[in-house]
1. Taking only pairs six or more apart or across chains, which ones have beta-carbon atoms under 7 Å, a first residue in the stretch 209-223 that is closer than 27 Å to Val91 by Cβ, and a second residue that is assigned to a strand (DSSP E or B) and open to solvent by less than 50 Å² (accessible area, probe 1.4 Å)?
2. Has the stretch 29-51 got any residue that is acidic (Asp, Glu) and either in contact with a strand residue (DSSP E or B) (Cβ under 7 Å, 6 or more places away or on another chain) or within 23 Å of Asn102 (Cβ to Cβ) (or both)?
3. In the set Ala93, Ala171, Ala140, which member is at pLDDT below 95 and farther than 23 Å from Leu72 by Cα?
4. Can Val41 be described as open to solvent by 40 Å² or more (accessible area, probe 1.4 Å), without any contact (Cβ under 8 Å) to a residue 40 or more places away in the chain and in contact with a helix residue (DSSP H, G or I) (Cβ under 7 Å, 6 or more places away or on another chain)?
5. Taking Thr129 as meeting all but one of (1) under 30 Å from Glu207 (Cβ atoms); (2) among the polar types (S, T, N, Q); (3) touching a helix residue (DSSP H, G or I) at 6+ places or on another chain (Cβ under 6 Å), write down the number of the exception.
6. Take His86 and decide whether it is touching a His at 6+ places or on another chain (Cβ under 7 Å) and farther than 10 Å from Ile156 by Cα.
7. Which of the residues spanning the stretch 48-78 are in a strand (DSSP E or B) and under 17 Å from Ala124 (Cα atoms)?
Amino acid sequence: MSEFSKKPLNKVVRGSKRAQYNKELIYNILDSHFICQIPYVFEETAIVIPTAYGRKGNTILIHGSLKNRMMLSLLNQEKVSLNITHLDGIVLARSVFHHSVNYRSVNVFGKARLIEEDAEKMEALEIITENIIPGRWNEARIPNQKELDGTLVIAIDIEDASAKVREVEAADDSADYDLDVWAGVLELEVQSGRLVPNSDCKPGLPEPQSAKNFKFSNNPMKQP
């Protein structure tokens, strides 16, 4: 199937006209970010934690320490969820009431499972690293056996998912069209900054190509 089925869990209710269930679109949004927000329950309290991730096929990969409270909790949950959100622009209407933002957001639902085999764990760590900054895995030292043994790697197989996207101009009340107030979209872009070496970095080392090539593209407004 090219789309995720609509179910009570993943069906977008509020703003349903912006809902998307297309797998290709959802995967594209997932692949264009590297930080997700994951909720879990600890002592009957819901807690949300940001964490890095990568994707392999229909699976989200995350990692943490062996005693990571969130990771251990996820393994005990019947089903877990996570969210990825891009902020693409600030929508400036003539009326403050109609101000908004342009964004791309995905919610994923699935069962968490532990990855135990060394080769699969190493592959998962490479996928996560390369999703953050492509090319870095081959520039730096990869984890040794002790580090690998001390790392918990979890796969979340995507069972259900949905996206919600806003990429259009401001929508004002017709009565406000004659106001002398500018309306439109302030598009946002994430640009690479300075490459600042560590204070203990060997002098004269070339800057890594992965960092020099890093790009984080936001989505432009769809033209009417």
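The values are calculated or read from the model by the stated rules, or taken from the named source; none is laboratory data. Computed from a predicted structure; not experimentally measured. Here Cβ is always computed from backbone atoms with ideal geometry, including for glycine, and neighbour counts include all displayed protein chains. For the accessible areas, the whole protein counts, side chains as well, though only heavy atoms, and no ligand, DNA or RNA atoms are used. Shrake-Rupley method; radii C 1.70, N 1.55, O 1.52, S 1.80 Å.
1. Listed pairs, sorted by first residue: Asn218/His86; Asn218/Asp88; Asn219/His86; Asn219/Asp88; Asn219/Arg104; Met221/Gly89; Met221/Asn102; Met221/Val185.
2. Checked the stretch 29-51: at least one residue is acidic (Asp, Glu) and either in contact with a strand residue (DSSP E or B) (Cβ under 7 Å, 6 or more places away or on another chain) or within 23 Å of Asn102 (Cβ to Cβ) (or both).
3. Details: Ala93 fails: at pLDDT below 95; Ala140 fails: at pLDDT below 95.
Testing whether each residue is at pLDDT below 95 and farther than 23 Å from Leu72 by Cα leaves just Ala171.
4. yes
5. Unmet condition: (3).
6. So His86 fits the description; yes.
7. Thr51, Ala52, Gly54, Arg55, Lys56, Thr59, Ile60, Leu61, Ile62, His63, Gly64, Ser65 - these are the residues of the stretch 48-78 that are in a strand (DSSP E or B) and under 17 Å from Ala124 (Cα atoms).
One line per residue, one yes/no per condition, for (1) surrounded by fewer than 13 Cβ atoms within 10 Å (Cβ to Cβ); (2) of a type in the set (A, V, I, L, M); (3) out of contact with any Phe, Trp or Tyr (no Cβ under 9 Å at 6 or more places or on another chain):
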{"site": "Glu3", "(1), (2), (3)": "no, no, no"}
{"site": "Asn22", "(1), (2), (3)": "no, no, no"}
{"site": "Ala46", "(1), (2), (3)": "yes, yes, no"}
{"site": "Thr51", "(1), (2), (3)": "no, no, yes"}
{"site": "Gly89", "(1), (2), (3)": "no, no, no"}
